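Here is the structure we will look at.
The values are calculated or read from the model by the stated rules, or taken from the named source; none is laboratory data. None of these values were measured; they are calculated from a predicted model. For neighbour counting, all protein chains shown are included, and Cβ atoms are generated from backbone atoms with ideal geometry for every residue, glycine included.
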Amino acid sequence: MANSIRTVSGGLARLAALWAVSMALPLGCALVAGTVVGDGRPEVVNLLARVLLAAVCLPWVVGHRAGRRPPSKGEPSPALPAAALALAWAGAQADASVTGDASPVGALAALSAVFAAPVAEELLFRGAIQPYCDGRFGRPAAVAISAGLFALCHGRPDDLLWLVAAGASLASLREVRGLAWAILCHVLFNGGAWLWAEASIPVPAPVADAVSVAAPLLSVSLTALFLATALHPSRTHSPEESR
């Protein structure tokens, strides 16, 4: 009983520390960027903050070779995570149509959102946090934890559903194809959102309302199926994966 309590308390302490890190690192980079750039240029601050976050995370990822997975026969197909990500994207765009957030942005803001943000976020959540959790909690738990922290870090409660769906999909893609694939798919996700906003395609309100809820739920369901069938918790870890 005492060992079980220590195990649970240790796990909760690690999760709390991960949550603190996932919040503190982006916030710290934003504060540094704001100090350097000054007021009145939020697009530049956002871009610099994301570049700083990527620079902070990259040495850890490279040093621990966290973006690589040893080749494995019978590795699960990325089809389910890719489909889940597409559904999360549809939910995000429908949600933006409902809330009125699907509006074009300037070139610098687009550069930050489409390229800098995906690289920085993937290095942090899928390159650093996920492999850490993989070695301590197992692959399915690592996917769930990184997805949850990814969603919470955005600080947008109204978007929590599709953020969790997107995070879980990207984490699953990282598990079967590596960090580079997760970054690429995240770039495509954000780039598609930017193109959709630029196109200003009208969506009937009833359709947008339905898709904004149904698509992320279906996305999470597909990811859960993938975790249950492809990333079995009993899978053994190599020493390199557990680092």
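What is the residue count in the range 42-51 for residues that are touching a residue at least 12 places away in the same chain (Cβ under 8 Å) and surrounded by fewer than 21 Cβ atoms within 10 Å (Cβ to Cβ)? Let's see the steps before the verdict.
First, pick out the residues of the range 42-51 that are touching a residue at least 12 places away in the same chain (Cβ under 8 Å): 43-51.
Retained after the next criterion (residues that are surrounded by fewer than 21 Cβ atoms within 10 Å (Cβ to Cβ)): 43-44, 48, 51.
Going through the range 42-51 one residue at a time, the tally reaches 4.
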Checking the structure you have, find out if any residue of the range 183-205 is acidic (Asp, Glu), within 23 Å of Ser77 (Cα to Cα) and in a helix (DSSP H, G or I). no
Looking at the range 162-169, is at least one residue out of contact with any Gly (no Cβ under 8 Å at 6 or more places or on another chain) and aromatic (Phe, Trp, Tyr)? no
If you check Ala214 against the conditions, is it under 21 Å from Leu160 (Cβ atoms), modelled with pLDDT of 90 or more, surrounded by 12 or more Cβ atoms within 10 Å (Cβ to Cβ) and within 23 Å of the chain's Cα centre (by Cα)? yes
All helices (runs of 4 or more DSSP H) inside the range 106-149 with 1 or more residues being closer than 20 Å to Gly63 by Cα: 117-121, 130-137
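Conditions (1) free of Cβ contacts under 8 Å to residues at least 12 places away in the same chain; (2) under 23 Å from Ala17 (Cα atoms); (3) buried (at least 24 other Cβ atoms within 10 Å of the Cβ), marked per residue:
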{"residue": "Val98", "(1), (2), (3)": "no, no, no"}
{"residue": "Asp101", "(1), (2), (3)": "yes, no, no"}
{"residue": "Ala107", "(1), (2), (3)": "yes, no, no"}
{"residue": "Ala110", "(1), (2), (3)": "no, no, no"}
{"residue": "Ala120", "(1), (2), (3)": "no, yes, yes"}
{"residue": "Phe125", "(1), (2), (3)": "no, yes, yes"}
{"residue": "Gly155", "(1), (2), (3)": "yes, yes, no"}
{"residue": "Asp158", "(1), (2), (3)": "no, no, no"}
